[in-house]
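One structure below.
The values are calculated or read from the model by the stated rules, or taken from the named source; none is laboratory data. Model, not experiment: these values are computed from the prediction. Here the Cβ positions follow ideal geometry from the backbone for every residue, glycine too, while neighbour counts run over all protein chains shown. Surface areas here come from the heavy atoms of the whole protein model, side chains and all, with no ligands, DNA or RNA. Shrake-Rupley method; radii C 1.70, N 1.55, O 1.52, S 1.80 Å.
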Amino acid sequence: MIQTDILIIGAGPTGLFTVFEAGLLKLKCHIIDGLPQPGGQLTELYPKKPIFDIPGYPSVGAAELVDNLMEQIKQFQPGFTLNEVAETIDKLEDGTFVVTTNKGTKHHAKAVAIAGGLGSFEPRKPLIDNIGYYEDKGVEYFVKNPELFRDKKIVISGGGDSALDWSVFLADVAKEVTLVHRRNEFRGALDSVEKVQHLKDQGKINLITPAEVISIHGEDRVEGVTLERDGQQDLLACDYFIPLFGLTPKLGPIANWGLEIEKNAIKVNNALDYQTNIEGIYAIGDINTYPGKLKLILCGFHEATLMCQSVYNRLNPGKKYVLKYTTVSGIDGFDGSRKEAEKAVVKAID
Ligand SMILES: Cc1cc2nc3c(=O)[nH]c(=O)nc-3n(C[C@H](O)[C@H](O)[C@H](O)COP(=O)(O)OP(=O)(O)OC[C@H]3O[C@@H](n4cnc5c(N)ncnc54)[C@H](O)[C@@H]3O)c2cc1C
(Lines give C-alpha, C1' and ligand atoms only; values in the text may rest on other atoms or scores of the structure.)
Protein backbone atom coordinates (compact mmCIF):
# COMPACT_ATOMS: atom_id res chain seq x y z
CA MET A 1 0.00 0.00 0.00
CA ILE A 2 1.34 3.45 -0.95
CA GLN A 3 1.64 5.71 2.13
CA THR A 4 1.56 9.51 2.01
CA ASP A 5 0.53 12.60 3.93
CA ILE A 6 -1.61 14.19 1.20
CA LEU A 7 -3.06 12.08 -1.59
CA ILE A 8 -3.78 14.36 -4.55
CA ILE A 9 -6.30 13.19 -7.11
CA GLY A 10 -5.48 14.93 -10.38
CA ALA A 11 -2.11 15.92 -11.86
CA GLY A 12 -3.35 19.15 -13.45
CA PRO A 13 -1.68 22.47 -12.55
CA THR A 14 -3.57 22.64 -9.23
CA GLY A 15 -2.52 19.16 -8.14
CA LEU A 16 1.09 19.74 -9.18
CA PHE A 17 1.41 23.06 -7.35
CA THR A 18 -0.09 21.45 -4.22
CA VAL A 19 3.06 19.33 -3.99
CA PHE A 20 5.16 22.50 -3.77
CA GLU A 21 3.08 24.19 -1.08
CA ALA A 22 2.85 20.93 0.89
CA GLY A 23 6.60 20.43 0.50
CA LEU A 24 7.29 23.78 2.16
CA LEU A 25 5.40 22.40 5.16
CA LYS A 26 7.29 19.09 4.98
CA LEU A 27 4.17 17.20 3.96
CA LYS A 28 4.73 14.35 1.50
CA CYS A 29 2.43 14.02 -1.51
CA HIS A 30 1.40 11.30 -3.92
CA ILE A 31 -0.62 12.05 -7.07
CA ILE A 32 -3.07 9.82 -8.94
CA ASP A 33 -4.18 10.65 -12.49
CA GLY A 34 -6.24 8.71 -14.97
CA LEU A 35 -4.18 10.08 -17.84
CA PRO A 36 -0.77 8.70 -18.77
CA GLN A 37 0.99 12.04 -18.25
CA PRO A 38 0.75 15.01 -15.85
CA GLY A 39 -0.68 18.41 -16.83
CA GLY A 40 -4.46 17.91 -16.86
CA GLN A 41 -6.29 20.10 -19.38
CA LEU A 42 -3.09 21.93 -20.34
CA THR A 43 -1.40 18.81 -21.67
CA GLU A 44 -4.50 17.08 -22.93
CA LEU A 45 -6.48 19.92 -24.49
CA TYR A 46 -4.17 22.81 -25.38
CA PRO A 47 -0.45 21.99 -24.98
CA LYS A 48 0.67 24.38 -27.72
CA LYS A 49 -1.45 27.39 -26.73
CA PRO A 50 0.10 30.36 -24.93
CA ILE A 51 -1.40 31.37 -21.56
CA PHE A 52 -1.34 35.08 -20.73
CA ASP A 53 -2.68 35.27 -17.17
CA ILE A 54 -0.08 33.45 -15.09
CA PRO A 55 1.43 36.11 -12.80
CA GLY A 56 4.98 36.96 -13.77
CA TYR A 57 4.74 35.35 -17.20
CA PRO A 58 3.59 37.73 -19.96
CA SER A 59 3.08 34.55 -22.00
CA VAL A 60 3.83 30.90 -21.28
CA GLY A 61 3.04 27.82 -23.36
CA ALA A 62 0.69 25.39 -21.61
CA ALA A 63 3.13 22.48 -21.98
CA GLU A 64 5.98 24.72 -20.79
CA LEU A 65 4.04 25.67 -17.66
CA VAL A 66 3.51 21.99 -16.86
CA ASP A 67 7.23 21.28 -17.41
CA ASN A 68 8.10 24.17 -15.06
CA LEU A 69 5.68 22.93 -12.40
CA MET A 70 7.22 19.46 -12.62
CA GLU A 71 10.69 21.01 -12.25
CA GLN A 72 9.54 23.09 -9.27
CA ILE A 73 8.16 20.08 -7.37
CA LYS A 74 10.95 17.63 -8.22
CA GLN A 75 12.79 18.51 -5.01
CA PHE A 76 9.84 17.28 -2.95
CA GLN A 77 9.89 13.86 -4.63
CA PRO A 78 6.17 13.28 -5.11
CA GLY A 79 4.98 9.79 -6.00
CA PHE A 80 2.80 9.26 -9.08
CA THR A 81 0.19 6.66 -9.94
CA LEU A 82 -0.58 7.54 -13.56
CA ASN A 83 -3.00 5.94 -15.98
CA GLU A 84 -5.24 4.87 -13.10
CA VAL A 85 -8.53 6.39 -12.00
CA ALA A 86 -9.24 6.89 -8.29
CA GLU A 87 -12.37 4.83 -7.89
CA THR A 88 -13.27 4.30 -4.23
CA ILE A 89 -12.48 5.99 -0.94
CA ASP A 90 -12.77 4.60 2.57
CA LYS A 91 -12.43 6.69 5.70
CA LEU A 92 -10.79 4.70 8.50
CA GLU A 93 -11.60 5.06 12.20
CA ASP A 94 -8.46 7.14 12.83
CA GLY A 95 -9.62 9.72 10.27
CA THR A 96 -7.18 8.62 7.55
CA PHE A 97 -8.23 7.44 4.08
CA VAL A 98 -7.66 4.54 1.70
CA VAL A 99 -8.18 5.36 -1.96
CA THR A 100 -8.26 2.50 -4.46
CA THR A 101 -7.87 2.87 -8.22
CA ASN A 102 -9.61 1.04 -11.06
CA LYS A 103 -6.49 -1.15 -11.27
CA GLY A 104 -6.62 -2.03 -7.57
CA THR A 105 -3.69 0.14 -6.41
CA LYS A 106 -4.28 1.19 -2.80
CA HIS A 107 -3.12 4.49 -1.30
CA HIS A 108 -3.23 5.32 2.41
CA ALA A 109 -3.27 9.05 3.22
CA LYS A 110 -3.79 11.39 6.14
CA ALA A 111 -5.67 13.85 3.92
CA VAL A 112 -7.10 13.78 0.41
CA ALA A 113 -7.00 16.71 -2.01
CA ILE A 114 -9.32 16.27 -4.96
CA ALA A 115 -7.84 18.35 -7.79
CA GLY A 116 -9.81 16.50 -10.44
CA GLY A 117 -10.55 19.47 -12.71
CA LEU A 118 -13.43 18.71 -15.00
CA GLY A 119 -13.35 15.11 -13.81
CA SER A 120 -11.72 12.08 -15.35
CA PHE A 121 -11.29 12.37 -19.09
CA GLU A 122 -12.94 9.59 -21.02
CA PRO A 123 -12.28 9.00 -24.70
CA ARG A 124 -15.02 9.86 -27.18
CA LYS A 125 -15.71 6.60 -28.94
CA PRO A 126 -16.85 6.22 -32.54
CA LEU A 127 -20.31 4.72 -33.02
CA ILE A 128 -19.17 1.30 -34.18
CA ASP A 129 -21.28 -1.59 -32.86
CA ASN A 130 -18.59 -4.07 -31.89
CA ILE A 131 -15.85 -1.61 -30.83
CA GLY A 132 -16.10 -2.68 -27.16
CA TYR A 133 -15.09 -6.24 -28.09
CA TYR A 134 -11.82 -5.04 -29.61
CA GLU A 135 -10.75 -2.70 -26.78
CA ASP A 136 -7.27 -3.82 -25.64
CA LYS A 137 -7.31 -6.22 -28.61
CA GLY A 138 -6.14 -3.72 -31.19
CA VAL A 139 -8.41 -0.75 -30.48
CA GLU A 140 -6.55 1.95 -28.51
CA TYR A 141 -8.01 5.33 -27.52
CA PHE A 142 -4.68 6.73 -26.26
CA VAL A 143 -1.12 6.33 -27.48
CA LYS A 144 0.43 5.45 -24.16
CA ASN A 145 3.45 3.57 -25.46
CA PRO A 146 4.39 4.26 -29.10
CA GLU A 147 6.57 1.13 -29.10
CA LEU A 148 3.39 -0.96 -29.11
CA PHE A 149 2.96 0.08 -32.73
CA ARG A 150 6.51 -0.59 -33.93
CA ASP A 151 6.44 -2.31 -37.33
CA LYS A 152 2.64 -2.64 -37.19
CA LYS A 153 -0.03 -1.50 -39.62
CA ILE A 154 -2.14 1.15 -37.93
CA VAL A 155 -5.25 3.13 -38.82
CA ILE A 156 -5.75 6.43 -36.98
CA SER A 157 -9.00 8.34 -37.30
CA GLY A 158 -9.78 11.91 -36.22
CA GLY A 159 -9.24 15.47 -37.38
CA GLY A 160 -7.74 17.23 -34.36
CA ASP A 161 -4.23 17.76 -33.02
CA SER A 162 -3.95 14.30 -31.43
CA ALA A 163 -4.78 12.47 -34.65
CA LEU A 164 -2.40 14.66 -36.69
CA ASP A 165 0.48 14.68 -34.21
CA TRP A 166 0.40 10.95 -33.55
CA SER A 167 0.19 10.20 -37.28
CA VAL A 168 3.35 12.26 -37.78
CA PHE A 169 5.14 10.67 -34.82
CA LEU A 170 4.15 7.09 -35.63
CA ALA A 171 5.10 7.45 -39.31
CA ASP A 172 8.66 6.69 -38.15
CA VAL A 173 7.65 3.85 -35.85
CA ALA A 174 4.87 1.86 -37.51
CA LYS A 175 5.16 -0.20 -40.69
CA GLU A 176 2.20 1.62 -42.23
CA VAL A 177 0.15 4.60 -41.01
CA THR A 178 -3.27 5.40 -42.48
CA LEU A 179 -5.02 8.57 -41.31
CA VAL A 180 -8.77 8.64 -41.92
CA HIS A 181 -10.89 11.75 -41.42
CA ARG A 182 -14.50 12.37 -42.34
CA ARG A 183 -13.75 15.83 -43.77
CA ASN A 184 -11.10 17.17 -46.10
CA GLU A 185 -10.27 19.95 -43.62
CA PHE A 186 -8.59 19.29 -40.27
CA ARG A 187 -9.26 21.06 -36.97
CA GLY A 188 -5.65 20.76 -35.76
CA ALA A 189 -2.80 23.28 -35.93
CA LEU A 190 -1.79 24.35 -39.42
CA ASP A 191 1.83 23.25 -39.03
CA SER A 192 0.65 19.74 -38.04
CA VAL A 193 -1.60 19.59 -41.12
CA GLU A 194 1.37 20.63 -43.27
CA LYS A 195 3.58 17.95 -41.72
CA VAL A 196 0.96 15.27 -42.48
CA GLN A 197 0.65 16.52 -46.06
CA HIS A 198 4.43 16.45 -46.43
CA LEU A 199 4.62 12.86 -45.13
CA LYS A 200 1.80 11.90 -47.46
CA ASP A 201 3.76 13.31 -50.41
CA GLN A 202 6.76 11.25 -49.29
CA GLY A 203 4.58 8.12 -49.16
CA LYS A 204 5.02 7.78 -45.39
CA ILE A 205 1.36 8.40 -44.47
CA ASN A 206 -1.64 7.07 -46.30
CA LEU A 207 -4.20 9.92 -46.00
CA ILE A 208 -7.83 9.03 -46.74
CA THR A 209 -10.45 11.84 -46.65
CA PRO A 210 -13.38 12.30 -46.54
CA ALA A 211 -13.94 8.81 -45.16
CA GLU A 212 -15.10 6.99 -42.04
CA VAL A 213 -14.27 3.72 -40.34
CA ILE A 214 -17.63 1.97 -40.07
CA SER A 215 -16.72 -1.50 -38.79
CA ILE A 216 -13.92 -3.54 -37.32
CA HIS A 217 -12.99 -7.12 -38.21
CA GLY A 218 -10.91 -9.90 -36.73
CA GLU A 219 -11.44 -13.08 -34.80
CA ASP A 220 -9.59 -12.64 -31.51
CA ARG A 221 -8.22 -9.19 -32.22
CA VAL A 222 -8.27 -6.43 -34.84
CA GLU A 223 -7.28 -7.69 -38.29
CA GLY A 224 -8.84 -4.92 -40.38
CA VAL A 225 -11.43 -2.16 -40.68
CA THR A 226 -14.04 -1.21 -43.25
CA LEU A 227 -13.82 2.31 -44.64
CA GLU A 228 -16.73 4.12 -46.23
CA ARG A 229 -15.86 6.76 -48.81
CA ASP A 230 -18.25 8.34 -51.33
CA GLY A 231 -20.79 5.60 -50.55
CA GLN A 232 -18.24 2.91 -51.38
CA GLN A 233 -16.90 0.43 -48.83
CA ASP A 234 -13.33 -0.91 -48.73
CA LEU A 235 -11.62 -3.34 -46.41
CA LEU A 236 -8.27 -2.21 -45.03
CA ALA A 237 -6.03 -4.72 -43.24
CA CYS A 238 -4.44 -3.40 -40.03
CA ASP A 239 -3.13 -4.51 -36.62
CA TYR A 240 -4.39 -1.48 -34.68
CA PHE A 241 -7.27 0.96 -34.97
CA ILE A 242 -6.68 4.20 -33.00
CA PRO A 243 -9.71 6.53 -32.93
CA LEU A 244 -8.53 9.90 -31.55
CA PHE A 245 -11.76 11.88 -31.28
CA GLY A 246 -10.88 13.81 -28.14
CA LEU A 247 -11.86 13.30 -24.54
CA THR A 248 -15.01 14.13 -22.63
CA PRO A 249 -14.68 15.06 -18.98
CA LYS A 250 -16.95 13.25 -16.52
CA LEU A 251 -17.00 13.70 -12.76
CA GLY A 252 -16.69 9.92 -12.74
CA PRO A 253 -16.36 7.78 -9.63
CA ILE A 254 -15.86 10.83 -7.36
CA ALA A 255 -19.58 11.55 -7.77
CA ASN A 256 -20.28 8.49 -5.57
CA TRP A 257 -18.03 9.44 -2.64
CA GLY A 258 -20.76 11.05 -0.53
CA LEU A 259 -19.56 14.57 -1.29
CA GLU A 260 -21.95 17.48 -1.67
CA ILE A 261 -22.19 18.13 -5.40
CA GLU A 262 -23.67 21.17 -7.12
CA LYS A 263 -23.81 21.49 -10.91
CA ASN A 264 -21.20 18.77 -11.43
CA ALA A 265 -18.74 20.38 -8.99
CA ILE A 266 -17.86 19.70 -5.34
CA LYS A 267 -19.08 22.22 -2.78
CA VAL A 268 -16.35 23.50 -0.45
CA ASN A 269 -15.92 25.86 2.46
CA ASN A 270 -14.15 28.76 0.74
CA ALA A 271 -14.29 30.98 3.81
CA LEU A 272 -11.71 28.72 5.45
CA ASP A 273 -9.79 25.99 3.69
CA TYR A 274 -11.61 24.42 0.72
CA GLN A 275 -12.66 21.41 2.78
CA THR A 276 -15.66 19.43 1.57
CA ASN A 277 -18.53 18.14 3.70
CA ILE A 278 -16.27 15.20 4.67
CA GLU A 279 -13.54 16.25 7.13
CA GLY A 280 -10.09 15.58 5.72
CA ILE A 281 -11.22 15.63 2.08
CA TYR A 282 -10.51 18.90 0.26
CA ALA A 283 -11.46 19.94 -3.28
CA ILE A 284 -9.35 22.51 -5.13
CA GLY A 285 -9.09 23.92 -8.64
CA ASP A 286 -11.71 23.53 -11.36
CA ILE A 287 -13.50 20.70 -9.56
CA ASN A 288 -14.85 22.80 -6.69
CA THR A 289 -17.61 25.35 -6.43
CA TYR A 290 -18.37 28.23 -4.05
CA PRO A 291 -19.89 31.68 -4.45
CA GLY A 292 -17.78 33.65 -6.92
CA LYS A 293 -15.74 30.65 -8.11
CA LEU A 294 -13.55 31.23 -11.19
CA LYS A 295 -12.15 28.29 -13.12
CA LEU A 296 -8.67 29.71 -13.63
CA ILE A 297 -5.24 28.24 -13.04
CA LEU A 298 -4.18 30.98 -10.62
CA CYS A 299 -7.32 30.41 -8.51
CA GLY A 300 -6.35 26.72 -8.23
CA PHE A 301 -2.85 27.75 -7.04
CA HIS A 302 -4.35 30.00 -4.34
CA GLU A 303 -6.78 27.33 -3.17
CA ALA A 304 -3.95 24.74 -3.01
CA THR A 305 -1.89 27.08 -0.81
CA LEU A 306 -4.64 27.66 1.78
CA MET A 307 -5.60 24.00 1.75
CA CYS A 308 -2.06 22.89 2.62
CA GLN A 309 -2.04 25.18 5.66
CA SER A 310 -5.27 23.55 6.82
CA VAL A 311 -3.86 20.04 6.36
CA TYR A 312 -0.75 21.07 8.31
CA ASN A 313 -2.86 22.35 11.20
CA ARG A 314 -5.03 19.24 11.14
CA LEU A 315 -2.02 16.90 11.27
CA ASN A 316 -0.15 18.96 13.86
CA PRO A 317 -2.68 19.93 16.50
CA GLY A 318 -1.20 22.28 19.08
CA LYS A 319 1.62 23.40 16.79
CA LYS A 320 1.37 26.89 15.43
CA TYR A 321 2.52 27.60 11.91
CA VAL A 322 4.41 30.83 11.40
CA LEU A 323 4.43 32.02 7.81
CA LYS A 324 7.91 32.60 6.42
CA TYR A 325 8.64 33.88 2.93
CA THR A 326 10.62 31.50 0.69
CA THR A 327 12.97 34.44 0.06
CA VAL A 328 13.81 34.31 3.77
CA SER A 329 13.60 30.62 4.62
CA GLY A 330 14.73 29.27 1.26
CA ILE A 331 13.43 25.94 0.06
CA ASP A 332 14.68 22.71 1.46
CA GLY A 333 13.69 19.70 -0.58
CA PHE A 334 13.24 16.31 1.04
CA ASP A 335 16.90 15.57 0.32
CA GLY A 336 18.13 18.54 2.25
CA SER A 337 18.50 19.16 5.92
CA ARG A 338 14.99 18.61 7.10
CA LYS A 339 15.65 19.78 10.60
CA GLU A 340 17.02 23.11 9.49
CA ALA A 341 14.04 23.72 7.25
CA GLU A 342 11.61 22.77 9.95
CA LYS A 343 13.30 25.19 12.31
CA ALA A 344 13.08 27.94 9.73
CA VAL A 345 9.55 27.40 8.55
CA VAL A 346 7.71 26.10 11.54
CA LYS A 347 7.87 27.37 15.07
CA ALA A 348 6.25 25.00 17.50
CA ILE A 349 4.57 26.45 20.53
CA ASP A 350 2.51 24.49 22.95
C1 LIG B 1 -8.79 25.60 -24.32
C2 LIG B 1 -8.61 26.06 -22.90
C3 LIG B 1 -7.88 27.21 -22.65
C4 LIG B 1 -7.70 27.66 -21.34
N5 LIG B 1 -6.97 28.78 -21.11
C6 LIG B 1 -6.77 29.22 -19.84
C7 LIG B 1 -6.00 30.41 -19.58
O8 LIG B 1 -5.56 31.08 -20.51
N9 LIG B 1 -5.81 30.76 -18.27
C10 LIG B 1 -6.32 30.04 -17.22
O11 LIG B 1 -6.08 30.41 -16.07
N12 LIG B 1 -7.06 28.93 -17.46
C13 LIG B 1 -7.29 28.50 -18.72
N14 LIG B 1 -8.05 27.38 -18.96
C15 LIG B 1 -8.63 26.69 -17.78
C16 LIG B 1 -7.53 25.85 -17.09
O17 LIG B 1 -7.03 24.92 -18.01
C18 LIG B 1 -8.13 25.16 -15.87
O19 LIG B 1 -8.55 26.15 -14.96
C20 LIG B 1 -7.07 24.28 -15.20
O21 LIG B 1 -6.63 23.26 -16.07
C22 LIG B 1 -7.63 23.65 -13.92
O23 LIG B 1 -6.61 22.90 -13.37
P24 LIG B 1 -6.93 21.68 -12.40
O25 LIG B 1 -5.61 21.15 -11.98
O26 LIG B 1 -7.89 22.13 -11.37
O27 LIG B 1 -7.72 20.62 -13.31
P28 LIG B 1 -7.35 19.88 -14.67
O29 LIG B 1 -6.33 20.62 -15.45
O30 LIG B 1 -8.65 19.58 -15.33
O31 LIG B 1 -6.70 18.50 -14.20
C32 LIG B 1 -7.48 17.56 -13.51
C33 LIG B 1 -6.86 16.19 -13.62
O34 LIG B 1 -7.56 15.31 -12.74
C35 LIG B 1 -7.64 14.03 -13.33
N36 LIG B 1 -8.74 13.29 -12.70
C37 LIG B 1 -10.03 13.67 -12.53
N38 LIG B 1 -10.73 12.73 -11.87
C39 LIG B 1 -9.86 11.73 -11.61
C40 LIG B 1 -9.97 10.47 -10.93
N41 LIG B 1 -11.10 10.04 -10.38
N42 LIG B 1 -8.86 9.69 -10.86
C43 LIG B 1 -7.67 10.09 -11.42
N44 LIG B 1 -7.52 11.27 -12.05
C45 LIG B 1 -8.60 12.07 -12.13
C46 LIG B 1 -7.87 14.34 -14.81
O47 LIG B 1 -7.46 13.24 -15.61
C48 LIG B 1 -6.98 15.58 -15.01
O49 LIG B 1 -5.69 15.24 -15.49
C50 LIG B 1 -8.26 26.92 -20.25
C51 LIG B 1 -9.00 25.77 -20.50
C52 LIG B 1 -9.17 25.32 -21.81
C53 LIG B 1 -9.97 24.08 -22.07
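Scanning segment 172-212 for residues that are part of a helix (DSSP H, G or I) and open to solvent by 100 Å² or more (accessible area, probe 1.4 Å) turns up LEU190, GLU194, LYS195, HIS198, ASP201.
One line per residue, one yes/no per condition, for (1) of a type in the set (Phe, Trp, Tyr); (2) within 16 Å of the ligand (Cβ to nearest atom); (3) within 24 Å of GLN197 (Cβ to Cβ):
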| site | (1), (2), (3) |
| --- | --- |
| ILE114 | no, yes, no |
| LEU118 | no, yes, no |
| PHE121 | yes, yes, no |
| VAL139 | no, no, no |
| PHE142 | yes, yes, no |
| PRO146 | no, no, yes |
| VAL155 | no, no, yes |
| GLY158 | no, no, yes |
| SER162 | no, yes, yes |
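Within segment 107-143, restricting attention to residues that are of a type in the set (A, V, I, L, M, F, W, C) and in a loop (DSSP other than H, G, I, E, B), the residue that is farthest from HIS217 (Cα to Cα) is ALA115. Counting only helices (runs of 4 or more DSSP H) that sit wholly inside segment 1-106, those with at least 3 residues that are more than 10 Å from the ligand (Cβ to nearest atom) are 13-24, 62-73. Cβ separations smaller than 7 Å between residues 6+ apart or across chains give the following pairs from segment 276-293 residues that are open to solvent by 10 Å² or more (accessible area, probe 1.4 Å) to residues that are β-branched (Val, Ile, Thr): THR276/ILE266; THR276/VAL268; THR289/ILE266; TYR290/VAL268.
Consider segment 290-306 and keep the residues that are away from the ligand (no atom under 12 Å from the Cβ) and either touching a helix residue (DSSP H, G or I) at 6+ places or on another chain (Cβ under 8 Å) or of a type in the set (Ser, Thr, Tyr) (or both). The one that is nearest to ILE73 (Cα to Cα) is THR305. In segment 158-168 there is no residue matching the filter, namely being in a helix (DSSP H, G or I), at pLDDT 95 or above and open to solvent by 70 Å² or more (accessible area, probe 1.4 Å). Selection over segment 190-216 of residues that are touching a Ser or Thr at 6+ places or on another chain (Cβ under 7 Å) and farther than 17 Å from ASP172 by Cα gives a count of 4. Tally the residues that are within 16 Å of HIS107 (Cα to Cα) and in contact with a Leu (Cβ under 9 Å, 6 or more places away or on another chain), restricting the search to segment 20-55. Adding up the residues that qualify gives 7. Please enumerate the residues belonging to segment 8-43 that are under 10 Å from the mean Cα position of the chain (by Cα) and open to solvent by 50 Å² or more (accessible area, probe 1.4 Å). The answer is GLN37, and nothing else.
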